[in-house]
Amino acid sequence: MEKNIFVTRPLLPPLEEFIPYLENIWESQHLTNAGPYHQQLEKELAEYLGVEHLCLFSNGTLALLTAFQVLGITGEVITTPYSFVATAHSLLWNGLTPVFVDTDPETFNLDADKLEQAITPATTAILPVHCYGIPCNTRKIEELADAYGLKVIYDAAHAFGVKQNGVSVLRQGDLSILSFHATKVFNTIEGGAIICHDAKMKQRIDYLKNFGFVNETTVVAAGINGKMNELQAAYGLLQLQHIDKALDDRGRLYRHYNMLLADIPGISLMSIPEDVTWNYAYYPIMVNEDFALTRDELYELLKDNHIMARRYFYPLISSFFMYKFAESASKENLPVAHQLAEKVICLPLYPGLEESIQNKIAGLIKNAAATSPHSSPLIMAQ
Ligand SMILES: *Cc1c(COP(=O)(O)O)cnc(C)c1O
C-alpha cells in the first residue's frame, strides 16, 4: 500500500549525535530545573534569533498562558479567529474575553485597519498571530497600542527565525511566544518560549514558570510548572545545528511548488512581502470559485491519493462552541476570515519531502483544473 504523506514531518537530528548529550545528562543527574543544557539553549536560541531574552517553556500554550499572567492582563483582548485554537484558549484559561477582528486577505493576519473599531474601555491587550510566519502589520498595531495604552503579545508560534528588514519579528510588541512542538519549523518534541526585551521581565517569567519560587522558601506569585527538561533542551541544541540546512531545504521546496503551481486557473498562491526573510513554515494555497473543484473536493481528491493536506485554519476559532456566542464571533463581523477558512488548503512542506511527491501533487491539481467546472462530473451529477 502507498504511504500517506502528511503536511509536516518532524525534523529529527541523527540519533547517534544525540547519544553524547544523553550520556552527559545521565552522568550529571541534572534532569530538569534550569540545568546546563537549558541555560545553554536559552543563550544559543536568543543569539540565533537575534533577541535579547528568551525563556524556555515545556510547550507554547503554557508560554502563552504565562505571558498574560506576567503582564497582569484583564478584561478584553483583541485577537484573530484565523489561527490554531490555543491562541484563543490562552485567553479563556486566564479569564479574559476574546474579541475577534477580521483578517487581511493578503497576509492572513489580523486586519490592523479594523483593529481600532474593536477597542472598548475594557480592552487591555492585543494578541495577533504571525500566521504561517508572515509578519503582522506590526507598525500599525503598535501605533494603536501606544495610542490606547494596550499591551501587545504576539503569538509567533509560526515565526521562528522570521525577519523583517533584517530585524527579528520577535523583537516587536511586549512579548512574543514561540512553539517548539514536533510539527513546527524548529522543535524540542514539545516546547516553547517567551521572548522579552529586558532582564527584569525575564526574571519574573522564570519565577512564574517555576511555581513562583524565588528561592527555597520564597514564593512570589501563584506560578505554574512550565519548565523545559534537560533532554528536550539538549535535543533543541542538537536541532539548532541542523536548522539552517532545514530552512534551505524548505526554501527550495517552496520555490519548486511555486514553479509547479503558478498560473493554474482558480488557484492562488501566497505572496511573501519583499522585506520579509521568511522561514517557509507552511505552503497554503487558495482554491477560488473559478477552480474546477471546491476546496473540500480537492482535499478529498488529495486524500484519495494518499496526500493528507490540511485545512489550516478550518473551522475558525470563532466557530467553536466556546467562542461562537460572542458578538465579535458573528460571520458578518468576520467575512474575510470565513472566506479564508473556506478556501485555504496547506500542502505538505518539510525538509526531506521528495520533489517527486510535489510533482504528483501539482499533477493532481492541474488535472483537476483541466476539467472545466461545467463538464465536471461532480457538478453534472447534481
Ligand atoms: C502550535 C501553535 C500553538 C501551540 O503551541 P504548543 O507548543 O503546541 O502548545 C499556539 N499557537 C499557534 C498559532 C500554533 O500554531
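Nothing in this text is a laboratory measurement; each read-out follows from the coordinates by a stated rule. Bear in mind the structure is a predicted one, so any value in this text is a computation, not a measurement. We place every Cβ from the backbone using ideal geometry, glycine too, and count neighbours over all the protein chains shown.
Taking the Cα atoms only, what angle lies between the long axis of helix 295-304 and the longest principal axis of the chain, rounded to 10 degrees?
Its long axis makes an angle of about 90 degrees.
With angles folded into 0 to 90 degrees, how steeply does helix 15-28 sit against the dominant principal axis of the chain? Use alpha carbons for both and round to 10.
Relative to the chain, helix 15-28 is tipped by roughly 20 degrees.
Quick one: which residues, 5 or more positions from residue 99 or on another chain, have an amide H under 5 Å from its amide H? H modelled 1.01 Å from N in the peptide plane, none for Pro or chain starts.
Here 77, 78, 79 satisfy the definition.
Applying 1/(1 + (r/R0)^6) with R0 = 35 Å to the Cβ-Cβ distance of residue 263 and residue 117, what FRET efficiency is obtained, to the nearest 0.05?
Working from the Cβ atoms, E equals 0.40.
If you add up the charges near residue 330, with Lys and Arg at +1 and Asp and Glu at -1, over every other residue whose beta carbon is less than 13 angstrom from its beta carbon, what do you get?
Computed value for this residue: -1.
Here are some pairs, 151/209; 140/209; 184/227; 245/366; which of them have Cα atoms lying more than 25 Å apart in this structure?
140/209; 245/366
Classify region 161-212: rounded, prolate or oblate, from the alpha-carbon gyration tensor (a ≥ b ≥ c, eigenvalue square roots; a/c under 1.5 rounded; otherwise prolate if a/b is larger than b/c)?
oblate
Straight-line reach only, C-alpha to C-alpha below 22 angstrom: list the lysines that residue 324 could link to, leaving out same-chain residues fewer than 8 apart.
114, 343
Specify whether the C-alpha gyration tensor of region 1-112 places it in the rounded, prolate or oblate class, a ≥ b ≥ c being the square roots of the eigenvalues: rounded for a/c under 1.5, otherwise prolate if a/b is larger than b/c and oblate if not.
Note, shape of region 1-112 comes out oblate.
What does the C-alpha gyration tensor say about the overall shape of the chain? Classify as rounded when a/c is under 1.5, otherwise prolate if a/b is larger than b/c, or oblate.
Since a/c reaches 1.5 but b/c is at least a/b, the shape of the chain is classed as oblate.
Say we join alpha carbon atoms closer than 10 Å with springs in a Gaussian network model of the chain; which of 321, 18, 180 then has the biggest fluctuation?
The residue that fluctuates most here is 321.
What is the spin-label model distance, in nm, from residue 216 to residue 294 if the labels are put 7 Å beyond Cα along the C-beta direction?
Placing both labels 7 Å beyond Cα along the Cβ direction yields 6.6 nm.
Which percent, nearest 5, of DSSP beta bridges in the chain are antiparallel?
60
Expected output is a single nm value to one decimal: the length gained when fully extending between residue 336 and residue 6, i.e. 0.36 nm times separation in residues minus the C-alpha distance. What is it?
In short, 116.1 nm is gained.
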